[in-house]
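Working notes, beginning with the structure itself.
The values are calculated or read from the model by the stated rules, or taken from the named source; none is laboratory data. Model, not experiment: these values are computed from the prediction. All Cβ positions, glycine included, derive from the backbone under ideal geometry; neighbour counts span all protein chains shown. For accessibility, only protein heavy atoms count, side chains too; no ligands or nucleic acids. Shrake-Rupley method; radii C 1.70, N 1.55, O 1.52, S 1.80 Å.
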Amino acid sequence: QAIALYTKALELDPGLNEARMELVNLYLSMGKPDTALTWLEGYLDEAPTTAEVECTRAKILIETGDFTAAMAAVDKARELDKSYLPSYLLWGQLLQENGQYEESIIPALTYLAGNPTSSDGGLVLAKAYYHTGDVTKARSTIDKVISADKQSINSYLLRGDIYMDRGDLIEADNDYLRAQQLYYRSFGALIGRARVQLAYTYAG
């Protein structure tokens, strides 16, 4: 219904670029990145690019798996407006996709400076600490994230990994189980629980 209404709005006023951007975000949320990108290009035919638009492009490209192009879009967003904080979150996430965890700390801290309660930003920072060997900071950071957002599957998975590394199998299994309860087909949760069983030597 929302798509039909935005489309009707554009029929009545073809210059209504807000409707185009709403359609971009709708199709992205529906898991249709190619359609979202088509609407984004249509938006840019009528309006100049901004940091927000380039970050939206980056999100679309991440969904298509084109991380190199997504990073280029984030770089452009930061060139257009260094104060636009969402670009720092995407920058940190993309660095981590490339295994550059140490480099992702500064973008994550920059984003959190303006959005201190963001669970997404906290997760990026916790992952950066974990993969650079600072498990104490990783644990304290991820605890804060989970305390603020008890629906973050990836946060439970990360804390489960931290518990596994410490040999705390009961707590690890609890976190993997919680992630599985939030999404029963979570690959990370199922693999995590299998790792716990193997650690108990319950190979079967």
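In this structure, Lys127 does satisfy being in a helix (DSSP H, G or I), within 15 Å of the chain's Cα centre (by Cα) and over 21 Å from Asp66 (Cβ atoms).
Of Tyr111, Tyr88, all but one fail to be surrounded by 15 or more Cβ atoms within 10 Å (Cβ to Cβ), touching a Gly at 6+ places or on another chain (Cβ under 8 Å) and not charged (D, E, K, R); the exception is Tyr111. Contact annotation: no residue pair with Cβ atoms under 6 Å, 6 or more positions apart or on different chains, pairs a residue in the stretch 138-156 that is under 15 Å from Val124 (Cβ atoms) and without any contact (Cβ under 8 Å) to a residue 12 or more places away in the chain with a partner that is open to solvent by 80 Å² or more (accessible area, probe 1.4 Å) and assigned to a loop (DSSP other than H, G, I, E, B). With respect to being in a helix (DSSP H, G or I), more than 21 Å from Pro86 (Cβ to Cβ) and of a type outside the set (Phe, Trp, Tyr), Ala36 falls outside the description.
With Thr136, Thr141 as the choices, which residue is modelled with pLDDT of 95 or more, loosely packed, with under 12 Cβ neighbours inside 10 Å, assigned to a helix (DSSP H, G or I) and not aromatic (Phe, Trp, Tyr)? Only one candidate qualifies: Thr136.
Figure legend. Inter-residue proximity from the stretch 10-35: first residues open to solvent by less than 60 Å² (accessible area, probe 1.4 Å), second residues not in a helix (DSSP H, G or I), beta-carbon distance below 7 Å, spacing 6+ or different chains. Indicated pairs: Leu10/Leu16; Asn17/Ala47.
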